[in-house]
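The values are calculated or read from the model by the stated rules, or taken from the named source; none is laboratory data. Because the structure is predicted, anything quoted here is derived from the model rather than measured. Neighbour counts are summed over all protein chains in view; Cβ atoms, including those assigned to glycine, are modelled from backbone coordinates with ideal geometry.
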Amino acid sequence: MVKIGVIGAGGRMGRMLIQAVAQNPQTTLAGAIERQGSSLLGVDAGELVNLDKTNVALVDDLAGVIHDIDVLIDFSLPESTAKNLQLCADQGVNMVIGTTGLNDEQNAILKQASEKIAIVYAGNYSTGVNLTLKLLEMAAKAFGDSADVEVIEAHHKHKIDAPSGTAYMMAEAVAKGRGQNLKDVAIYGREGQTGARKAGEIGIHAIRGGEIVGDHTVMFIADGEMVEDAERVGIRDGLKQWDPVDAQGRPLTPVATPEWKRPNLASIYALNKFVQERTTHIMAAPYGIEGVCLRLFNVFGPGQALSNPYTGVLAIFASRYLNGQAPMIFEDGEQRRDFVHVSDVARAFAEALSLPQAAGGTFNIGSGHDRSVTEVAQELGRAMGRNALEPQIVGKARIGDIRHCFCDTTLAAETLGFTAQTDFREGLAELAEWVASQTAVDNVEKMRAELDKRGLVA
């Protein structure tokens, strides 16, 4: 049985650690250390976290209980961690450290202590974050100095160190991938007449406010290669420039969306999806749940709701064809989407539920191929024997629609071993066969009237 000591036992992380130690049959709590003057001193650690009494009371002196401990877990402050390192090294007590914001002197103490005792140290223990670090290193190696890198992190207003330890780890992963020493190239924020950005710099920026749990963005910005959250103009004034353009008015080329892209929420529908995702990740850990989120792109196949004019573009098109009507396509029909068969989606869910490496992750689930909406409508028409019904191009946009939406499936392939297997045309043929045996109410015109009435069509 491994005897565990917990530093900062009364804090949020400390309480979670006490629960984790109690639930692990190979560990027992031997010490619970809290700051001097805390009102929790003397409280039983088990009762503190609503468990059975442990007969381990919270104390403020690590030295008094160090002899009872095999491993000390320390998620405290840099000054406290440095002192604890020296004490543990002297007493032969191993450590697990999650403290962030160590300075050079404190890092030197950590290195010296590691020569005497075993130490596990990380700025973030999330599987997803550590997978991201590896991907960042690979991306940085691939881009080299051709891309400018900016690291942006946001946390709640109570966080006392900046930038976060995770941000440092991300910046260090980038520097490692490029063969750099982070200390030589890091720029922390910018102010005043900074001059032109130097090649090889890594910008690191911290945002603090409200109750932000923790958000990290790493941007690889190469000339002529990336514009994040590009906005369309002229939708309402008749210009009909459907594709976003750069500062010089040149059309941008759409690229597949990776999971790490910062969300640009343009509709209530998108906002609700993102809230569900974040709720899952935020609540999973405290309740001991292995949460995983799948971002499903345009799912199609038998069983779709044919009479709902607001969901499932292929189902809407199928309903129109079934009723002898041409599909109605907004904008110019050249907007691109990723269509994935329902059987592939079911398999993705099965893999995400069974594979341990999926826990804590967010994965795009799509075919990995993009098609124009007009192309898709025409293919479905042929599959249903409605070749004569040419799609109706409306030439107007629905407010909240995005121009292109298709996904990068690399992460799902590498982590889950998932790739879509159903051929698109074969999937359409299966859908067409099922639709032929159904009845559907064509509510598209009603939908169009409702959108017009509420000013939601430009």
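Table: residues versus (1) in contact with a helix residue (DSSP H, G or I) (Cβ under 6 Å, 6 or more places away or on another chain); (2) more than 23 Å from ARG262 (Cα to Cα).
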site	(1), (2)
ASN103	no, yes
SER114	no, yes
VAL120	no, yes
ALA142	no, no
ALA147	no, no
VAL174	yes, no
GLY179	no, yes
LYS183	no, yes
GLU191	no, yes
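Counting residues in the range 347-361 that are in contact (Cβ under 8 Å) with a residue 12 or more places away in the chain and touching an Asp or Glu at 6+ places or on another chain (Cβ under 6 Å) gives one or more. Filtered by the rule that a residue be within 25 Å of GLY98 (Cα to Cα), buried (at least 18 other Cβ atoms within 10 Å of the Cβ) and charged (D, E, K, R), the range 130-149 gives a lone residue, GLU137. When GLU375, GLU331 are checked against the criterion of being outside any strand (DSSP E or B), over 19 Å from LEU296 (Cβ atoms) and touching a residue at least 12 places away in the same chain (Cβ under 8 Å), GLU331 stands alone in meeting it. Of note, ILE221 satisfies the criterion of being surrounded by fewer than 17 Cβ atoms within 10 Å (Cβ to Cβ) and touching an Asp or Glu at 6+ places or on another chain (Cβ under 9 Å). The number of residues in the range 1-47 being basic (Lys, Arg) and over 22 Å from ALA284 (Cβ atoms) comes to 2.
Residue count for the range 405-431, restricted to those that are crowded, with 20+ Cβ neighbours inside 10 Å and assigned to a helix (DSSP H, G or I): 6. When the range 334-372 is limited to residues that are in contact with a Ser or Thr (Cβ under 8 Å, 6 or more places away or on another chain) and in a helix (DSSP H, G or I), the one that is surrounded by the most Cβ atoms within 10 Å (Cβ to Cβ) turns out to be ALA358.
Evaluating VAL233 against the criteria (1) in a loop (DSSP other than H, G, I, E, B); (2) modelled with pLDDT of 85 or more; (3) over 24 Å from the mean Cα position of the chain (by Cα) leaves one unmet condition, (2).
Within the range 47-83, the set of residues being acidic (Asp, Glu), within 25 Å of ASN124 (Cα to Cα) and either in contact with a Cys (Cβ under 7 Å, 6 or more places away or on another chain) or not in a strand (DSSP E or B) (or both) comprises ASP70, GLU79.
For every residue, the table says whether it meets (1) within 20 Å of ASP161 (Cα to Cα); (2) hydrophobic (A, V, I, L, M, F, W, C); (3) surrounded by fewer than 17 Cβ atoms within 10 Å (Cβ to Cβ); (4) at pLDDT 95 or above.
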residue: GLY8; (1), (2), (3), (4): yes, no, no, no
residue: GLY14; (1), (2), (3), (4): yes, no, no, no
residue: GLY64; (1), (2), (3), (4): no, no, yes, no
residue: ILE73; (1), (2), (3), (4): yes, yes, no, yes
residue: GLY98; (1), (2), (3), (4): yes, no, no, no
residue: ILE117; (1), (2), (3), (4): no, yes, no, yes
